[in-house]
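Undergrad: Structure below; questions to follow.
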Amino acid sequence: MKITETKLKGCYLIEPKVFNDERGCFYEAFNKRILEDTLGYEVDFVQDNVSVSKYGVIRGLHYQEVPFAQAKLVFVTRGKVQDVVVDLRKDSPTFMQHLSIELNSNEKKLLFIPKGMAHGFAVLSDEAEFRYKVDEFYNRDAEKLLFYKDIKLQIDWLVPENEIILSDKDKLVNN
């Protein structure tokens with residue numbers, strides 16, 4: 001398993017070693033000991049979430065405020081997405097910078113997102129199954145979002161504007 005810090009401080013790309021043969025493949029997607037050794041702190045995932053979406057759907061940019069902030073381990077089990085993370089930690093050297101990376105079921109890469117970051121993704125395949133582990137339970141009152149077209153961020157979602165599909169919540173400009 002190869003773990004590399006991205007340009008956002010504390011956000012890591014995880015590339016599992018995949019064993020392929022005539023039967024298919026096997027890989028270790030998550031190893032608590034290896035992740036915690038890399039991070040230098042303990043992570044206790046308490047909830048697994050699954051999202052199935054069709055092409056053009058953008059979900060995000062979502063986050064939860066302290067004390068309900070969530071660290072996430074995200075990955076795609078079917079299809080392809082453009083995954084986007086925005087650093088909202090005011091004391092971070094990468095504050096208000098964003099990372100945009102493709103995650104897909106063929107490469108099997110995962111992304112660890114620390115607490116204090118907003119997260120979203122755009123579906124680039126006909127359909128995608130997106131999974132993520134979180135270390136805090138969802139709290140509706142603590143949920144916040146950044147507008148997906150925030151002018152300061154200039155995120156390229158890789159989906160033509162006329163093909164973007166959003167929830168009512170994600171269409172909001174101010175939250």
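Undergrad: Of the peptides 63-73, 11-21, how do they stack up when ordered by the mean number of other Cβ atoms within 10 Å, highest first?
TA: The packing order, highest mean first, is 63-73, 11-21.
Undergrad: Going through the cross-link list LYS17/LYS171; LYS7/LYS169; LYS32/LYS144; LYS72/LYS171; LYS17/LYS144; LYS80/LYS149, which pairs have a Cα-Cα distance over 31 Å in this structure?
TA: Numbers: LYS17/LYS171 39 Å; LYS7/LYS169 29 Å; LYS32/LYS144 28 Å; LYS72/LYS171 23 Å; LYS17/LYS144 35 Å; LYS80/LYS149 21 Å.
Beyond 31 Å between Cα atoms: LYS17/LYS171; LYS17/LYS144.
Undergrad: Reported to two decimal places, what Rg/Rh ratio describes the chain when computed on Cα atoms with Rh from the Kirkwood expression? Write out the running numbers ahead of the final one.
TA: Values: Rg = 15.8 Å, Rh = 16.6 Å.
The Rg/Rh ratio comes out at 0.95.
Undergrad: Could you give the distance between the Cα centres of the range 44-60 and the range 1-22, to the whole Å?
TA: The two parts, judged by their Cα centres, are 20 Å apart.
Undergrad: Okay, next question. Placing +1 at every Lys and Arg Cβ and -1 at every Asp and Glu Cβ, with all other atoms neutral, what dipole size does the range 45-171 have around its Cα centre, in debye to the nearest 20?
TA: Dipole magnitude for the range 45-171 comes out near 160 debye.
Undergrad: Long-range amide H contacts for THR94: which residues qualify at under 5 Å (H placed 1.01 Å from N, peptide plane, sequence gap of 5 or more or a different chain)?
TA: For THR94, the qualifying residues are LYS9.
Undergrad: Take every Cα-Cα distance within the range 30-132, group them into 5 Å bins from 0 onward, and report for each bin the whole-number percent of pairs it holds.
TA: 3, 12, 22, 23, 21, 13, 5, 1
Undergrad: Non-local amide H neighbours of GLU136 (under 5 Å, H modeled in plane, Pro and chain starts lacking H): which ones?
TA: Correct list: VAL46, ALA71.
Here, each number is a calculation from the coordinates, and none is a lab measurement. The structure presented is a predicted model; accordingly, all values stated were derived computationally and were not measured. Glycine also receives a Cβ, built like all others from the backbone with ideal geometry; neighbour counts cover every protein chain displayed.
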